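Undergrad: Handing you this structure, nothing more for now.
The numbers here are math on the coordinates, done by the rules we state, and not lab data. Note that the structure is a prediction, hence the values are computed from the model and not measured. Note that we place each Cβ from the backbone using ideal geometry, even for glycine, and neighbour counts take in every protein chain shown.
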Amino acid sequence: MEKRPFVTLEQVKEIAKTYPTPFHLYDERGIRENARRVMKAFSWNPGFKEYFAVKATPNPVILQILKEEGCGVDCATDVELMMAKACGFAGREIMFSSNVTPAKDFQYARQIDATINLDDISHIDFLQQVASVPETVSCRFNPGGLFTISNTIMDKPADAKYGFTRQQLTEGFVKLQKLGVKHFGLHSFLASNTVTNEYYPTLARLLFQTAVELHQETGAHISFINLSGGVGVAYRPDQEPVDILQVGEGVRRAYEEVLVPAGMGDVAIFTEMGRFMLAPYGCLVAQVLHMKHTYKDYVGLDACAANLMRPAMYGAYHHITVLGKENAPCCHKYDVTGGLCENNDKFAIDRMLPQIERGDYLVIHDTGAHGFSMGYNYNGKLRSAELLLREDGSVQLIRRAETPQDYFATLDVTGLF
Ligand SMILES: *Cc1c(COP(=O)(O)O)cnc(C)c1O
């Protein structure tokens, strides 16, 4: 499928008069329409809630939009919890799915009554010692082995650091019951960026069967099952996007077949999607600073891996559109690079694009999740602004760009300049 940006050259030229490139731009309309599709897909489950993974796009204005659409938040640190609280999320609207958790983070999670999702059996005693054990606790399951969907290996849970083993779940539930826990959640995250409608239904069936066993073994009341994140997006133009309505229907079928016959038809379904909620509805807009022709042809941008780490870190594909040249033939092969002193600072390698000149504006697609948030300050590169394209077409600054003062803020440089 052809990938079209949600902004035009004219819009970007206008925006750049006020906010110079590079910047991350988010599409409010796209975010809201997608969130509504998610709600519709799971509307068959009265307790359904999507807890947006804050780490994907930790911006209060974005979180507020998702809150208006009925989402909660999933946090992994006390700082993410602080942002959630500041945005008006409270108690049951906050999931705390952390790992290698410091005492202060558990203490803060208990203070604001976030729902705690334990990553390890040893955290039961730790939570009891450093804070207290609430009436509702969730446990993260790691089934080990390989995770396959119709004979395709999706990932290898046995190599993942997360979660309880199956045996530890039973022991953990018994122990938690002794500590006064009355309601349980079960959570698992088995594969990342899965571009298939079968991921959630397959995971759901596994978790539902495990929940039935745990209920039969321990008598525990299981109040929710959290399918976590991992639903992917079509970063490449030739990929078929996930159909979330089909996904919801697949989970419903597993629910009817496994939970309902076991008398567990009151279980709420939770999700913690980050990527699926935001990635397609954000882009990184950059301008071409230099063209370089040596052994290869290079397009040098004012953005770099410090603004978007995924290509450098995982070799991830991000589609690129040259604004104003949407219909021009892609007959030139380029490496599209940033200016870090690191040769992996390339947004694309050997990418076929229209002929590019200095001053052209490029849109790097699908950066709305795990984009800005993975940014860093290597080489003294400063984090960019984040902008929101509102439904009425106006543009709102939702995070200002960093200045050199921000970079120096943690140092005592008085008198050095
Ligand atoms: C990262 C993460 C998510 C979100 O993952 P996506 O791939 O963005 O959907 C959800 N839950 C937990 C515990 C995570 O660590």
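Undergrad: What's the extension gain from E198 to S122 if we count 0.36 nm per residue and subtract their Cα-Cα distance?
TA: Taking 0.36 nm per residue and subtracting the Cα distance, the gain is 24.1 nm.
Undergrad: Something else about it: Which one of A76, A306, A328 has the biggest mean-square fluctuation once the chain is modelled by GNM with Cα springs under 10 Å?
TA: A328
Undergrad: Could you list, in their original order, any pairs among K346/K381; K85/K161; K296/K325; K40/K156; K40/K67; K3/K156 whose Cα atoms are separated by more than 20 Å?
TA: The pairs that break the limit, which is 20 Å between Cα atoms, are K85/K161; K296/K325; K40/K156; K3/K156.
Undergrad: Please name which of Q177, T21, A268 has its Cα lying farthest along the dipole of the chain towards the positive end, using unit charges on Cβ (Lys, Arg +1; Asp, Glu -1) and the Cα centre as origin.
TA: Of the listed residues, the answer is T21.
Undergrad: Taking the Cα centre of the range 292-357 as origin and charging only Cβ (+1 Lys, Arg; -1 Asp, Glu), how large is the dipole, in debye to the nearest 20?
TA: For this selection, approximately 120 debye.
Undergrad: Compute, for the chain, the length of the dipole vector about the Cα centre, with Cβ point charges of +1 (Lys, Arg) and -1 (Asp, Glu) only. Units Debye, rounded to 20.
TA: Magnitude of the dipole: close to 200 debye.
Undergrad: Report, in debye and to the nearest 20, how large the dipole of the range 172-314 comes out about its Cα centre when Lys and Arg carry +1 and Asp and Glu carry -1 on their Cβ.
TA: Magnitude of the dipole: close to 480 debye.
Undergrad: Just add up the charged neighbours of V251: K/R +1, D/E -1, any other residue whose Cβ is under 15 Å from the Cβ of V251.
TA: -1
Undergrad: Continuing with this model, one more query. Go ahead and estimate [θ] at 222 nm for the chain from helices alone: -39,500 (n - 2.57) per DSSP H run with n ≥ 4, summed, over the residue count, rounded to 500.
TA: Dividing the helical sum by the residues of the chain leaves -8500 deg cm²/dmol.
Undergrad: So which lysines pass the test for K182, namely a Cα distance under 23 Å, with those fewer than 8 places away in the same chain ruled out?
TA: In chain and number order, the partners are K49.
Undergrad: Now for a separate question. Taking θ as phi - 60°, what are the ³J(HN,Hα) couplings along the range 284-300 by the Karplus curve (6.51, -1.76, 1.60), each to the nearest whole Hz, with x for Gly and Pro?
TA: Coupling constants for the range 284-300: 9, 9, 9, 10, 7, 8, 8, 10, 9, 10, 10, 7, 9, 9, 10, 10, x Hz.
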